[in-house]
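Participant: Shown below is the structure under consideration.
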Amino acid sequence: MSEKEFSWKENIWWVSWSILLILQIIAGFLLYNRKGLLVVAILGWIIMIVGFVIGGMGVSTLKKMGGVQKGKRSSRFGVGTTTIVTSGIYAIVRHPQYLCWLFFNAAVILVAQDWIVAIIGLASMLTIYMQARQDDQSLLDQFGDDYKRYMQRVPRMSNLLGIIRMLRRRKR
């Protein structure tokens, strides 16, 4: 993406998500713990931390195993991979960074405990899902049948399903 010109069509979900995320963070800050349910807020903070760990694992694994060329940046996460990464967190989910942001949206909803934050968060989650679908198509175009087989083995963002599938593969 760094070499290409910006395209609204290709980036509509990304731009929409960015705007919604900023709105959700502002609303979550202003409406923090609205219902006063401390246990729910603490659960939100735990989910947020878990999400950031998953996202960090994704970026780290891509940088380490993605065939990144020195000085090259081609993705939104600053990682220009030249190969499909199927190990580590990528054996469980295809898009751990997007899963990270789904967790973040859910966490802010739990922490804020307000319907406005929930609506913005759910809209943000939809845009993340749509972006992941679009990225799958781009990766299919780039890597062809290898990525198609990977898509059949590893779910897009369901870590529970991904763990179940990984355990089944290991049993074989």
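Participant: Which of the residues belonging to the range 32-42 are assigned to a loop (DSSP other than H, G, I, E, B) and modelled with pLDDT of 90 or more?
Facilitator: Answer for the range 32-42, where residues must be assigned to a loop (DSSP other than H, G, I, E, B) and modelled with pLDDT of 90 or more: just Leu37.
Participant: Within the range 146-163, does at least one residue satisfy the condition of being under 22 Å from Gly44 (Cα atoms) and in contact with a Leu (Cβ under 8 Å, 6 or more places away or on another chain)?
Facilitator: Yes, there is a match, as at least one residue in the range 146-163 is under 22 Å from Gly44 (Cα atoms) and in contact with a Leu (Cβ under 8 Å, 6 or more places away or on another chain).
Table: residues versus (1) modelled with pLDDT of 85 or more; (2) surrounded by 19 or more Cβ atoms within 10 Å (Cβ to Cβ); (3) under 15 Å from the mean Cα position of the chain (by Cα).
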| position | (1), (2), (3) |
| --- | --- |
| Leu30 | yes, no, no |
| Ile46 | yes, no, no |
| Gly55 | yes, yes, yes |
| Gly66 | no, no, no |
| Ser75 | no, no, yes |
| Thr82 | no, no, no |
| Val85 | yes, yes, no |
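Participant: OK, next. Scan the helices (runs of 4 or more DSSP H) fully inside the range 74-159 and keep the ones with 3 or more residues being more than 20 Å from Trp14 (Cα to Cα) and not aromatic (Phe, Trp, Tyr).
Facilitator: Here the list reads 96-112, 145-153.
Participant: Looking for something charged (D, E, K, R), within 24 Å of Ser16 (Cβ to Cβ) and modelled with pLDDT under 90 - is there at least one such residue anywhere in the range 87-99?
Facilitator: no
The values are calculated or read from the model by the stated rules, or taken from the named source; none is laboratory data. Owing to the predicted nature of the structure, the values given are computational and were not obtained by experimental measurement. Note that we place each Cβ from the backbone using ideal geometry, even for glycine, and neighbour counts take in every protein chain shown.
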